[in-house]
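Peer 1: Got a structure for you, questions after.
The values are calculated or read from the model by the stated rules, or taken from the named source; none is laboratory data. Quick caveat: nothing in here was measured; it's all calculated off a predicted structure. Counting neighbours? That spans all protein chains shown, and the Cβs are built from the backbone with ideal geometry, glycine included. Ligands, DNA and RNA are stripped out before the accessible areas are found, and what is left, the full protein with its side chains, is counted by its heavy atoms. Shrake-Rupley method; radii C 1.70, N 1.55, O 1.52, S 1.80 Å.
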Amino acid sequence: MQNRRELANAIRVLSMDAVQKSNSGHPGMPMGMADIAEVLWNDYLRHNPKNPDWPDRDRFIISNGHGSMLLYSLLHLSGYGLTIEDIKNFRQLHSKTPGHPEYGDTPGVETTTGPLGQGISNAVGMALAEKILASTFNKNDLNIVDHYTYVFVGDGCLMEGISHEVCSLAGTLGLGKLIVFYDDNGVSIDGEVKGWFTDDTPMRFRSYGWHVIEGVDGHHATQVKHAIENARDASTSTQPTLICCKTIIGWGAPNKQGTASTHGAPLGEDEVRLARKHLGWQHEPFFIPHAIYNSWNAVTQGVQREARWQEKFRRYRKDYPKLAEEFLRRTQGIPPSNWDMESLKVIQAAVEEKKSVATRKASELALDGYAKLLPELIGGSADLTGSNNTWWSGSKAVDVKDSSGNYIYYGVREFGMSAINSGIALHGGFIPYSATFLVFSEYARNALRMAALMKLRNIFIYTHDSIGLGEDGPTHQAVEQLATLRYIPDMSVWRTADTVESAVAWKHAIGRKCGPTCLVFARQSVPFIERNPQQIALVARGGYVLLDCAQLPQLILIATGSEVHIALAAAKKLNQQGKHVRLVSMPSTDVFDAQDKAYKESVLPGSVTKRLAVEAGVPDYWSKYVGLQGSIIGIAGFGASAPGHVVMRHFGFSEENIMQRALEMLN
């Protein structure tokens, strides 16, 4: 085997060569953390390059994702499906080596990282998923879920507020198999961080309840190895570990190491040449000697490791056949065999019970029905459990002493909660949901965007969805949030009118594997709406005709959520007056937009240009549905503090105002 420094230098030269060739990137972090990565990957990381999705593999995340060439070098050298041509195509269109690691693009990439702090947050979710899954399935000496989550973080990750949220919770929940390496190089893009980051980081993490290892020279393999051994010993307890590694950013570049100039720009041809000489690397760009490839290659060992696990799983399957089948079903994301039939009963129950409740309560009723069928449903709330109605009859809290539950008290951590749940989704074995007020989706916005970018099955519940929540006033009354959520690519958004639409929305979210879903519910009570069987079936298409007239309509009303029943009353009266008015309920615009042209034309015929949209939010979003000759009843400013029904009427969300606006358009 080659000496460790040569193996680490392979990472350094691949990283600086790829960044130099693309004339873009961040060579400093890969060169600074190469020695740590070499020890971790060659001595400890349990993975199989031939099967990147092996359920019991260790997870490795670089939260400081700008250093993506470190990860790409590791994947290439250890035998994943990443060729030297892929390395040469770093940051090029449609390459497997984008500027920041992207989940789904590159074999071996566990999560999309780049926005600082979210990688460590996803990792907390993965470690939490491992702990809960282990408590569910491990039996006696047959531990089929038994792996670590390793994370690289930098100063930037620890400055981001989300890291405080998630690391605090990781300590509280006792995630002992989470091991984090802190790249303490003292440099960020603007220069030496001592001018703006003087936290006592070890003390901070000790206050969270972490095991902290200080004073590790990140360029000394033996010290790194001892620290990992220490951390793994500590993992038998309930303390996650932070290993503080002193490193030099850009290590090996003789004139630029230790400076911000290595952080986010190529070293330059002259410095690359000097770095080669300084490292004793006598090979041309992108050339790795066979001896070094052989020392790095993890394929044989990886196949053997998985084979040992498969043998253990065969014994597990023999002793616990039902649990084994359930484990495979859940980790493969397959619904239960009775799902199609039983899930329909949840919707049918909503139809038969005819309950007039707030849609947040309707959500709880639907969740209770579906969760009894799906043990993989796991969720929680950001300190609003009673308000969000996310505790169902079979809920059991997860805590440091008992991790066998299915409900997580997240505390006031909206951003961290959302990113942690993405980590749970990435880990596999669960369908996560989380909840807060709609207005506080703003705190979590980038985590929502990342969930959509990764196309994760992650369910975001938002209650108190409009000015209709009342007395809490404009600080808590959502206005613009619905529209902005709808603008996130690959995000599905549902705003429901009653128990039936809420049950359909929940089923859609559970079944949707191509992206996250926002389920948006009202605080105030709304009446049950009668529908015929055909209409009930059409709810799943995102928009449907709730009330029609005898002939081609003169005007079409479009409404969502708690405004549907108001618009329904107005439409009925208009029709009684001899007008020809159709009401369309549109709980999900993105689902409706995805329908075929014929269906959309049947609901919103192009020949009917007089259209009035009604939604207690910013109006501009609805312009694409009502057109130039249409109109919108929305709210262009902020709300006001008063009882909900008073606020709604004040801003025009009343039967009388809808009728008046409709008649003005018709006349």
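Peer 1: FRET efficiency for L328 and C514, Cβ-Cβ distance as r, R0 = 25 Å, nearest 0.05?
Peer 2: Details: r = 22 Å, r/R0 = 0.88.
That gives a FRET efficiency of 0.70.
Peer 1: Please give the peptides 601-607, 506-512, 554-560 ranked by average Cβ packing (other Cβ atoms within 10 Å per residue), highest first, as a rough proxy for protection. Don't skip to the end; give the middle numbers.
Peer 2: Details: 601-607: 13.3, 506-512: 20.9, 554-560: 25.6.
Highest mean packing first, the order is 554-560, 506-512, 601-607.
Peer 1: Where in the range 507-551 does the amide nitrogen come within less than 18 Å of the point 7 Å from the Cα of E352, taken along Cα to Cβ?
Peer 2: Only 529-534, 536-537 fall inside the zone, counting backbone N under 18 Å.
Peer 1: If you don't mind, there's one more thing I want to ask. Can you tell me what the convex hull of the Cα atoms of the chain projects to on average, as an area in nm²? Write out the running numbers ahead of the final one.
Peer 2: Working: hull surface 122.9 nm².
Seen from a random direction, the Cα hull of the chain projects 30.7 nm² on average.
Peer 1: Leaving out ligands and nucleic acids, and using a 1.4 Å probe, what accessible area per residue does the range 552-665 come to in Å²?
Peer 2: Values: 4700 Å² over 114 residues.
With all protein chains present, the range 552-665 gives 41 Å² per residue.
Peer 1: Same structure, new question: Rounded, prolate or oblate: which fits the range 159-233 when a ≥ b ≥ c are the square roots of the eigenvalues of the alpha-carbon gyration tensor, with rounded for a/c under 1.5 and prolate only if a/b beats b/c? Intermediate values should be presented prior to the final figure.
Peer 2: Numbers: a/c = 2.32, a/b = 1.11, b/c = 2.09.
It comes out oblate by the Cα gyration axes.
Peer 1: Any idea what the relative contact order of the chain is, in percent, if you count C-alpha pairs under 8 Å spaced at least 6 apart?
Peer 2: Numbers: 1417 pairs, mean separation 79.6, N = 667.
Value for the chain: 12 percent.
Peer 1: Only bridges with both residues in the chain count here: give the DSSP antiparallel percent, nearest 5.
Peer 2: Numbers: 7 of 62 bridges.
Expressed as a percentage, antiparallel bridges in the chain total about 10.
Peer 1: Further question: Modelling each spin label as a point 7 Å along the Cα-to-Cβ direction, I'd like the S24/D190 distance in nm, to one decimal.
Peer 2: 2.5
Peer 1: Order the peptides 244-252, 632-640 from the highest to the lowest mean number of other Cβ atoms within 10 Å of their residues.
Peer 2: 244-252, 632-640
Peer 1: Starting with the highest mean, order 206-213, 305-312 by the number of other Cβ atoms within 10 Å, averaged over the residues of each peptide. Could you put the intermediate results ahead of the total?
Peer 2: Details: 206-213: 18.6, 305-312: 15.0.
My ranking of the peptides, most packed first, is 206-213, 305-312.
Peer 1: How much of the accessible area of the range 1-67, probe 1.4 Å, is carbon plus sulfur, in whole percent? Write down the numbers at each step before the final one.
Peer 2: Details: 610 of 1600 Å².
Summing carbon and sulfur atoms, their accessible area is 38 percent of the total for the range 1-67.
Peer 1: Tell me the per residue accessible area of the range 154-294 using a 1.4 Å probe; a whole number in Å² is fine.
Peer 2: Numbers: 6280 Å² over 141 residues.
On a per-residue basis, 45 Å².
Peer 1: Based on DSSP H runs of at least 4 residues, each adding -39500 (n - 2.57), what is the mean residue ellipticity at 222 nm of the chain after dividing by all its residues, to the nearest 500 deg cm²/dmol? All intermediate terms of the calculation are to be shown ahead of the outcome.
Peer 2: Numbers: 27 runs with 287 residues, N = 667.
It lands at -13000 deg cm²/dmol.
Peer 1: Evaluate the charge dipole of the range 451-569 about its Cα centre and quote only its size in Debye, nearest 20, assuming +1 on the Cβ of each Lys and Arg and -1 on the Cβ of each Asp and Glu. Intermediate values should be presented prior to the final figure.
Peer 2: Values: 10 positive and 10 negative charges, 132 e Å.
Roughly 640 debye for the range 451-569.
Peer 1: How long is the gain from Q534 to H290 if the chain were fully straight, where each residue apart is worth 0.36 nm and the alpha carbon distance is subtracted?
Peer 2: On the way: separation 244, 0.36 × 244 = 87.84 nm, distance 6.64 nm.
Gain on extension, Q534 to H290, equals 81.2 nm.
Peer 1: Report, to the nearest whole %, how much of the accessible area of the range 142-227 belongs to carbon and sulfur atoms, 1.4 Å probe, protein only. Please list the in-between numbers first.
Peer 2: Numbers: 1510 of 3080 Å².
Exposed carbon and sulfur together represent 49 percent of the surface.
Peer 1: Hey, another quick one. Regarding the range 185-343, what are the three Cα extents along the principal axes, ordered largest first, in Å?
Peer 2: 65, 47, 36
Peer 1: According to the square roots a ≥ b ≥ c of the eigenvalues of the Cα gyration tensor, what is the shape class of the range 1-106, taking rounded for a/c under 1.5, prolate for a/b larger than b/c otherwise, and oblate for the remainder?
Peer 2: On the way: a/c = 1.66, a/b = 1.15, b/c = 1.44.
Oblate, since a/c reaches 1.5 and b/c is not below a/b.
Peer 1: Can you compute the modelled spin-label distance between R649 and K312, with each label point 7 Å from Cα toward Cβ, in nm?
Peer 2: My value for the distance between the label points is 6.6 nm.
Peer 1: May I pose another question? Please arrange K322, K396 by accessible surface area, largest first, computed with a 1.4 Å probe and ligands excluded. Intermediate values should be presented prior to the final figure.
Peer 2: On the way: K322 180, K396 85 Å².
Heavy-atom accessible area, descending, gives K322, K396.
Peer 1: Would you please give the FRET efficiency between D402 and N230, computed as 1/(1 + (r/R0)^6) with r the Cβ-Cβ distance and R0 = 25 Å, to the nearest 0.05?
Peer 2: Details: r = 27 Å, r/R0 = 1.08.
Step by step, r from the Cβ atoms, then E = 0.40.
Peer 1: Now for a separate question. Give, in nm to one decimal, the length gained when the segment between Q2 and K139 is fully stretched (0.36 nm per residue of separation minus the Cα-Cα distance). Intermediate results must be reported in sequence, preceding the final value.
Peer 2: Working: separation 137, 0.36 × 137 = 49.32 nm, distance 4.06 nm.
Stretched fully, the Q2-K139 segment lengthens by 45.3 nm.
Peer 1: Per residue, what accessible area does the range 460-505 have, given a 1.4 Å probe and all protein chains present, in Å²? Please report the intermediate quantities before stating the final value.
Peer 2: On the way: 980 Å² over 46 residues.
Here the per-residue accessible area is 21 Å².
Peer 1: Another one. Of the accessible area of the range 549-662, with the probe set at 1.4 angstrom, what percent is carbon plus sulfur? List each step's numbers first, then the result.
Peer 2: On the way: 2560 of 4750 Å².
Reported share for carbon and sulfur atoms: 54 percent.
Peer 1: For the residue pair Y487 and M203, what label-to-label distance in nm results when each label sits 7 Å from Cα along the Cα-to-beta-carbon direction?
Peer 2: 4.3
Peer 1: What's the FRET efficiency of L344 with S393 using the Cβ-Cβ distance as r and R₀ = 22 Å, to the nearest 0.05? Don't jump to the answer; show the numbers that get you there.
Peer 2: Details: r = 20 Å, r/R0 = 0.91.
Computed FRET efficiency for L344 and S393 comes out at 0.65.
Peer 1: Would you mind checking K372/K507; K572/K610; K354/K573; K88/K246; K572/K600; K177/K225 for any pair whose Cα atoms are more than 21 angstrom apart? Before the final figure, lay out each step's value.
Peer 2: Values: K372/K507 13 Å; K572/K610 17 Å; K354/K573 23 Å; K88/K246 30 Å; K572/K600 23 Å; K177/K225 17 Å.
Those over the limit are K354/K573; K88/K246; K572/K600.
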